[in-house]
Amino acid sequence: MEIQSVKQRFGIIGNSTPLNRAIDIAVQVAPTNISVLINGESGTGKEVMPKIIHNLSSRKHGPYIAVNCGAIPEGTIDSELFGHEKGAFTGAHDSRKGYFEVANGGTIFLDEVAELPLQTQVRLLRVLETGEFIKVGSSKVIKTDVRVVAATNVNFGDAISKGRFREDLYYRLNQVPIFMPPLRDRKEDIHLLFRKFTTDFSEQYRMPPLGLDHDAVEILINYRWPGNVRQLKNITEQMSVIEKERDIDAQTLLQYLPVDEVNHLPMVVDKQQQESQNYSEREILYQLLFDMKNDLTDLKKLVLQMIQHDGHLDPTESNVALMKRVFEDDAQTENMSPAASSGVLHLPQRAATPSYEEHHVHEEVEETFSLQETEKELIKKALAKHKNKRKYAARELGISERTLYRKIKEYNL
């Protein structure tokens, strides 16, 4: 059958390539008796694939039974699937047929198959290989002709390695794999699905359908949808019932999306915030250099005060705070001399020079502030501080490791 006609028959909305691929495989495998394993995240619509496979097969006139393996208690799962005899366990007042016996000649869909207990997995493997099973509390072998389609959202590699799922059963179920793509990989289908859901709910609740403005559509498409199609449908129904205004804007839509997931939206949602954070690595480095220049200016003030007071620095509150800020990165206050810690800093004795006069001190101290040289020294200090560990040095400088590596080569450090 044409894929489009299959979509119309089974109510499938979407034109994305991964979705079309999944439908195409289901159509091709339907006429056979091969076991099929459908994998995909929760809420992606895995349950529609076994219906396609059953209705397009020669078993379409036989029974179709869907079983949620995760919803059946472990103590009764064998009885549900394979049946039991009267008196087989407490409460078994009558004999009962299991799903594999009832579905003879048809198809059984085992949803959340990875939740089956190991004992039940052994029984299922025998059915798949021989078509035989034994009821709970019986010794009589029963034959059945059932096609098995299974589905799960579990990573089988992890389940097998941890001993929660049998590897031989996995290969027996996975004769033909079908992957249902998550909604975030079907961006072109998201708005189509929303329009379908809002139309359905408008008919169900007898109210006008919802509409989205441009920004709301952008949010709808770029949201991650961890709950996939199921989550989209639920949110559409909530807005259809609660919102009186039928034209939905971005702010209204955001109120219905979980806060943690909204934080993962692209920055296009808040263009002003994007612009304010759109700094280049070079601009960040320049900011660091200007901060260092301010530190140098503050240090000059301290030196001038000490020169004017014969090598002593008054332990005023402002001076102590200034020393702590200037020395906190390189020297740390606790590593300073006792005199410095007490707020009085002594200059080492030095010979008098003509450039220093007792009562005429030039407050202008000549400085050279070459951007490249300062950048080079800053990188050297960061590398020395972190013992040449580039990851931490880059983090200290506020740049990426790649940029730091390029700078190291550029300055031949």
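Coordinate-derived values only; no laboratory data. Note that this is a predicted model, so its numbers are computed, not measured. Glycine gets a Cβ as well: all are built from the backbone with ideal geometry, and neighbour counts include every protein chain shown.
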Legend entry - Coordinate range along principal axes, alpha carbons of the range 181-246, Å, largest first: 32, 22, 16
Inset, instruction - Work out how much length Gln119 to Val241 would gain on full extension: take 0.36 nm times their residue separation and subtract the Cα-Cα distance, in nm to one decimal. - result: 39.3 nm
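For the range 71-224, compute Rg over Rh where Rg is the Cα radius of gyration and Rh is the Kirkwood radius from the inverse mean 1/r over Cα pairs.
Values: Rg = 21.8 Å, Rh = 19.0 Å.
So for the range 71-224, dividing Rg by the Kirkwood Rh gives 1.15.
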Legend entry - Amide proton proximity set for Phe179, modelled H, under 5 Å, gap of 5+: Asn39
Legend entry - Inter-site label distance for Glu129 and Arg21 at 7 Å from Cα along Cβ, in nm: 3.3 nm
Legend entry - Under 12 Å, Cβ to Cβ, from Phe100 - net charge with Lys/Arg +1 and Asp/Glu -1: +1
Inset, instruction - Starting from one equal scatterer on each C-alpha and no solvent at all, send me the Debye-based log10 I(q)/I(0) for the range 42-86 at q = 0.14, 0.17, 0.30, 0.32 Å⁻¹, two decimals. - result: -0.51, -0.69, -1.02, -1.08
Legend entry - Virtual spin-label span in nm between Tyr205 and Asn33, 7 Å along Cα→Cβ: 4.9 nm
Legend entry - Cα-projected label distance for Asn174 with Lys86, points at 7 Å along beta-carbon direction, nm: 4.5 nm
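Nearest 0.05, what FRET efficiency do Lys385 and Val303 give at R0 = 25 Å with Cβ-Cβ as r? Let's see the in-between values first.
Details: r = 24 Å, r/R0 = 0.95.
The computed FRET efficiency comes out at 0.60.
In Å³ and rounded to a whole number, note down the convex hull volume per residue for the Cα atoms of the range 1-69.
On the way: hull volume 7.1 nm³, N = 69.
It comes to 103 Å³ per residue, whole-number rounded.
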Inset, instruction - Considering the convex hull of the alpha carbon atoms of the range 41-134, report its projected area averaged over all viewing directions, in nm², one decimal. - result: 6.8 nm²
